[in-house]
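The values are calculated or read from the model by the stated rules, or taken from the named source; none is laboratory data. This one's a predicted model, so the numbers in the text were calculated from it and none came from an experiment. We place every Cβ from the backbone using ideal geometry, glycine too, and count neighbours over all the protein chains shown. When the accessible area is computed, the model is the full protein with side chains, heavy atoms only, and any ligands, DNA or RNA have been set aside. Shrake-Rupley method; radii C 1.70, N 1.55, O 1.52, S 1.80 Å.
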Amino acid sequence: TEAGNLVATEMRTDMYTDVLRNQLALAKLGAVFLPGLTSNIAIPRKTAPGSLGWVTEVAAATETAPVTGQITMAPKRITAFVEYSKQSIIQSAIAVEPLLRKDLLDGLAVELDTKGINGTGNSGQPRGLRNTSGVGAVIGGTNGANLAWTHFVGLESACANANAQATERAGYILNTKAVGTAKQTQKAQYLPF
C-alpha cells in the first residue's frame, strides 16, 4: 500500500529462456531421414551373398545365387495441438505463434529421436534400434552390469565381426548416467616402474 505499487516490472523478452530438452543422438550418428513420404515404401536389399566353391580342374561348378529381401516401412502418425487466443497474440510481448510452433517442432525432434532408439513398434510407434531384430548387443549381465572398458571393446568387436565398418556414422548412444560412470571407471591400474 506504500511504494510497492509504484515499482514497475519490465518484461525482458530479449532474455527469454526455453526449457532444456534431451540432446538428439540419431542425426549426429548419421541417421537417414526420408521426408515427404506419402505411402508405404520398400527398400530392396541383399540378405546373403552368393557362395563360391573350389573344385578340381575338371569338376563342374555349382550354381549359387544371392538372397534378396526388402525393408518395408509404413507411415506413423504423431499429433499435438495448442490453442491460443487472438488476445494473446495481440497483447503478448513475445511473438506467440512462432514460439508455440518452435515448441512443437522441438518436441517432435526429441520424440522422433527417442522412438528411433526405444520405439516398440506397437500402438502406432515406430520400431526403434533397441527393438529391431538383427541389431547386435553386448550383454553385461541378466539385468545389466557395471559399465566396464570390456563392454566398449565388445561392442566394437561385435560390429567389426559383422563386417560393419567404423565410419563417421558409427558411435555410442549413452545416457548421462552411463557417461558419468564411464568417465569414472578405471581402465587400467597404474604400475610404477
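So the values come out like this:
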item	result
Condition broken by Val153, with the remaining ones in (1) over 19 Å from the mean Cα position of the chain (by Cα); (2) loosely packed, with under 12 Cβ neighbours inside 10 Å; (3) not small (Gly, Ala, Ser); (4) not in a helix (DSSP H, G or I) satisfied	(4)
Test: residue in segment 84-100 that is touching a helix residue (DSSP H, G or I) at 6+ places or on another chain (Cβ under 8 Å) and under 30 Å from Lys187 (Cα atoms)	no
Count of residues meeting criterion [of a type in the set (A, V, I, L, M, F, W, C), at pLDDT below 85 and within 27 Å of Thr72 (Cβ to Cβ)] in segment 121-171	7
Failed condition for Arg130, given (1) farther than 25 Å from Pro35 by Cα; (2) touching a residue at least 12 places away in the same chain (Cβ under 8 Å)	(1)
Val110, sole failed condition from (1) exposed (fewer than 10 other Cβ atoms within 10 Å of the Cβ); (2) closer than 30 Å to Thr79 by Cβ	(1)
Pairs, first outside any helix (DSSP H, G or I) in segment 80-104, second among the acidic types (Asp, Glu) and open to solvent by less than 70 Å² (accessible area, probe 1.4 Å), C-beta under 8 Å, six or more apart	Val82/Asp103
